[in-house]
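Student: There's a structure below that I have some questions on.
Just so it is clear, none of the values below were taken in a lab; they were calculated from the coordinates. These numbers come from a predicted model, not from an experiment. FYI the Cβ positions are ideal-geometry reconstructions off the backbone, even for glycines, and counts take in every protein chain you see.
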Amino acid sequence: MKHHDPEHLRQLLETKVCPKGGLFGVDLSKANLPKAVLYSSDLREAKLSKANLAKADLQEANLVGSDLHDADLNGANLHQANLAQADLSGALLFFADLHEANLPEANLKSADLTEVDLLQADLEGADLSGSKLSESKLRGAKLIRASLCGADLSKANLSEVDFSEADLTNANLKGADLSKAVLARAKLSGANLHRVNIHGADLSEADLTNTNLFGIDLREAITENTQFENAILCNTILPDGTVEYRDCEDDAEVE
């Protein structure tokens, strides 16, 4: 069985600089490594729970299967890092760079991803339930079959994101940009789409039951076989161009 290189570990702990380090399976739980230089390092299956890696350089690092739950990764550079099946539950990733990162089936439950750069990232099958993604940048990201139940995506850039079959039940997308996003067969029951830009989005066969559709324009969206039962409609432009004000008196409760 492969183990980490003891010399690389010593170098990291003494200098916080260990690019391309051989740190497979290393135990750095609760380690204090802010601004550590670990780009292109092998950190597969590493134990990094509750570690301080704020502003660390982890670009192109291999973190497959690593344990980063409750870790501090605020402002970290994880550009093109491989985090497949990693545990990032409860992690702090505020302002982190995850541009083009690989995160399929990663656990990001309740993680703080506020204002994170996830452009073109692969999050297929990832668990982001209860996570904070407000004002984050996810344009072109892949979130096929991802779980985002109760997630906060308010004011996020979700343009061209693939949410096919994703679960966005009770998610908050208020003010988000969903232009040209793919939401085919997605679950959006109880979600808040207040004033969302949905121009050119694919909502075919999506479930929008009890969804807040205040102030959105559905004319340019694909709505074939979309479920709108009990959706909240106020100043909502329907696919046929009709403006619906049915629920305006109740909208104050859901804004």
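Student: I want to check the label-to-label distance for E220 and L238. Put each point 7 Å from Cα in the C-beta direction and report it in nm to one decimal.
Tutor: Using points 7 Å along Cα→Cβ, the separation is 2.2 nm.
Student: Here's something else I'd like to know. What Kirkwood hydrodynamic radius, in Å, does segment 25-167 give when the mean of 1/r is taken over all pairs of distinct Cα atoms and then inverted? Write down the numbers at each step before the final one.
Tutor: Details: mean 1/r = 0.0705 Å⁻¹.
By the Kirkwood definition, the hydrodynamic radius is 14.2 Å.
Student: Which stretch or stretches of segment 33-64 have amide N atoms under 17 Å from the point lying 7 Å from V17's Cα along the Cα→Cβ direction?
Tutor: What the label zone holds, given the 17 Å backbone N cut-off, is 33-41, 56-59.
Student: By count of other Cβ within 10 Å, fewest leading, how are H69, H3 ordered?
Tutor: Ascending Cβ contact count within 10 Å gives the list H3, H69.
Student: In the chain, what cysteines have no partner Cβ closer than 4.7 Å?
Tutor: C18, C149 - these cysteines have no disulfide-compatible partner (Cβ-Cβ under 4.7 Å) in the chain.
Student: Oh, and also: Based on the Kirkwood radius over alpha-carbon pairs, what value in µm²/s does the Stokes-Einstein equation return for the translational diffusion coefficient of segment 63-134 at 37 °C and 0.692 mPa s?
Tutor: Rounded, D is 292 µm²/s.
Student: So, one more: Let me spell out the model: positive unit charges on the Cβ of Lys and Arg, negative unit charges on the Cβ of Asp and Glu, origin at the Cα centre of the chain. What dipole size does that give, in debye rounded to 20?
Tutor: 960 debye
Student: While we're looking at this one, here's another question. Could you pull the Rg and Dmax for segment 100-255, using just the Cα atoms, both in Å?
Tutor: According to the Cα coordinates of segment 100-255, Rg and Dmax are 14.3, 44 Å.
Student: Given contacts defined as C-alpha pairs under 8 Å and at least six residues apart, what's the relative contact order of the chain, whole-number percent? Let's see the in-between values first.
Tutor: On the way: 949 pairs, mean separation 19.9, N = 255.
It rounds to 8 percent for the chain.
Student: Mean 1/r over all different Cα pairs, inverted: what Kirkwood radius does segment 143-186 give, in Å?
Tutor: 10.1 Å
Student: Helix-only mean residue ellipticity at 222 nm, the chain, DSSP H runs n ≥ 4 weighted -39,500 (n - 2.57), per residue, nearest 500. What is it?
Tutor: Working: 1 runs with 10 residues, N = 255.
So the calculated ellipticity at 222 nm is -1000 deg cm²/dmol.
Student: Can you tell me how segment 97-174 classifies by the Cα gyration tensor, rounded, prolate or oblate, using a/c under 1.5 as the rounded cut?
Tutor: Because its axes are fairly even, with a/c under 1.5, segment 97-174 counts as rounded.
Student: Return the percentage of antiparallel bridges among DSSP beta bridges fully within segment 109-255, rounded to the nearest 5 %.
Tutor: 10 percent
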